[in-house]
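K.L.:
One structure, pasted below without further comment.
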Amino acid sequence: MDVIESIARDIRNAEHVIAFTGAGISAESGISTYRGQGGIWNKYDPNIYANIDTFLKDPTYYWNFFRDVRYPMVKNAQSNPGHRALAELEKMGRLQAVITQNIDELHQQSGSTRVIELHGTTRKYFCLKCGQRFDFDNVYEMSGKEIPPSCSECQGMIRPDVIMFGEALKTDVLRAAFEEAEACDFVLAIGSSLVVYPAADIPARARRRGAKLAIINKDETPMDHSANYVLREAAGSVLPAIVDKLNSP
Ligand code: NAD
C-alpha cells in the first residue's frame, strides 16, 4: 500500500481529523514563506518588519513593507489545489477543522468554514485609539498617501489584525485550537516548518495524546521523527491525491 493510500485509509477510519497549516500551503498561490527556499525572512528581518516593539516605535518599516511587498503579494493571490482539497475534505465530512498560522484568508476563500486563525489576518486593520476597522484595500489606498496611515475618525494609529512577534496569541483562539488538539485522532500538518511556538505545540500535543500525524512539508521539520507519515512534497499535489483516494471505491 502506498503512503497516500495509507493516509486515506487512516482518515477514513478516524473520527476527528484536523489540519494544521503554515506558509507552505500558500507558497503555490505565490505568497512567500518565511523560512525555506524563497523565504521572505531571508530578505526582511522579522524583528524590524513584524515585531510589535519596533512597530510601536517606528511603524514606517511595517507600512513600507505592507505597501511594497505584502499588499501586492496577497491582494490577488488565489487559493490553490492544496487549499481546495482541504475544503473538499470538510465538505465530505472528513475534516473537522483547519488551524492555520497563515494570515492570508486563502482557506476561507477556498470554502473551508471552520478555520482557526492563530496569527490573525493581514486583510483586516483597526485603530488602536478608537477601534475603527479598515479593510485591506482601504489601508492600501491610505498608505499610498501617507505613511504611516492614520485613522480617518480620530487620527489614531492603525495596526494590522495580526499577531506580531513579541505579542501573545489571543486566549480564546488558542483555547479553541488546543481543544481541537485534544479532540482529534488524526492530524495533517501541512507546509509548516513547525518551529514557531506556541502554534507548533498543537500538532505536538495531539501526537503526544496518541493521534496519528502526517507531515506534508518540503523541508525537514523537528517533528519528522515522531510522525507516522512524512511526505517532503508539494501540498498542492499531495492533498488532492488524498481526496482522490478517499473518493475512489
Ligand atoms: P515557515 O515559512 O516557517 O515554513 C514554511 C514551510 O513550508 C517550509 O518548511 C517549506 O519547506 C514548506 N513549503 C514550501 N512550499 C511548500 C509546498 N508547496 N508544499 C509543502 N510545503 C512547502 O512557515 P510557518 O511554519 O507557517 O511559519 C510560521 C509563520 O509564518 C507564521 O507566523 C505565519 O503567520 C507566517 N507566514 C504566513 C504567510 C501566509 O499567510 N501565507 C506567509 C509567510 C509567513
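K.L.:
If you check TYR61 against the conditions, is it part of a loop (DSSP other than H, G, I, E, B) and over 13 Å from the mean Cα position of the chain (by Cα)?
P.N.:
Considered against the rule, which asks whether it is part of a loop (DSSP other than H, G, I, E, B) and over 13 Å from the mean Cα position of the chain (by Cα), TYR61 comes out as no.
K.L.:
Is at least one residue of segment 39-46 β-branched (Val, Ile, Thr) and either part of a loop (DSSP other than H, G, I, E, B) or open to solvent by 50 Å² or more (accessible area, probe 1.4 Å) (or both)?
P.N.:
No, segment 39-46 has no match at all.
K.L.:
Looking only at segment 13-35, count how many residues are out of contact with any Gly (no Cβ under 9 Å at 6 or more places or on another chain), more than 6 Å from the ligand (Cβ to nearest atom) and either closer than 14 Å to HIS119 by Cβ or among the aliphatic types (A, V, I, L, M) (or both).
P.N.:
So the answer is 5.
K.L.:
Quick one: is ASP135 more than 16 Å from the ligand (Cβ to nearest atom) and outside the structural domain of PRO46 (by TED's automatic domain parsing)?
P.N.:
no
K.L.:
Same structure again: Please work out which residue is nearest to the ligand (Cβ to nearest atom), limiting yourself to segment 204-244 and to residues that are open to solvent by less than 20 Å² (accessible area, probe 1.4 Å) and assigned to a strand (DSSP E or B).
P.N.:
Taking the candidates together, the pick is ILE216.
K.L.:
Do we find a residue being over 20 Å from SER192 (Cβ atoms) and open to solvent by less than 30 Å² (accessible area, probe 1.4 Å) anywhere in segment 5-13?
P.N.:
The answer is yes; a qualifying residue exists.
K.L.:
Could you tell me which of the residues TYR71, TYR44 is closer than 19 Å to PRO149 by Cβ and touching a helix residue (DSSP H, G or I) at 6+ places or on another chain (Cβ under 8 Å)?
P.N.:
TYR71
K.L.:
Out of the residues in segment 80-126 that are of a type outside the set (A, V, I, L, M, F, W, C), assigned to a helix (DSSP H, G or I) and open to solvent by less than 10 Å² (accessible area, probe 1.4 Å), state the one that is nearest to the ligand (Cβ to nearest atom).
P.N.:
GLY82
The values are calculated or read from the model by the stated rules, or taken from the named source; none is laboratory data. What you see is a predicted model, and the numbers here were worked out from it, not measured in a lab. Reconstructed Cβ throughout: ideal geometry from the backbone, glycine too, with neighbour counts over all protein chains shown. Quick note on the areas: whole protein, heavy atoms, side chains included, nothing else; ligands and nucleic acids left out. Shrake-Rupley method; radii C 1.70, N 1.55, O 1.52, S 1.80 Å.
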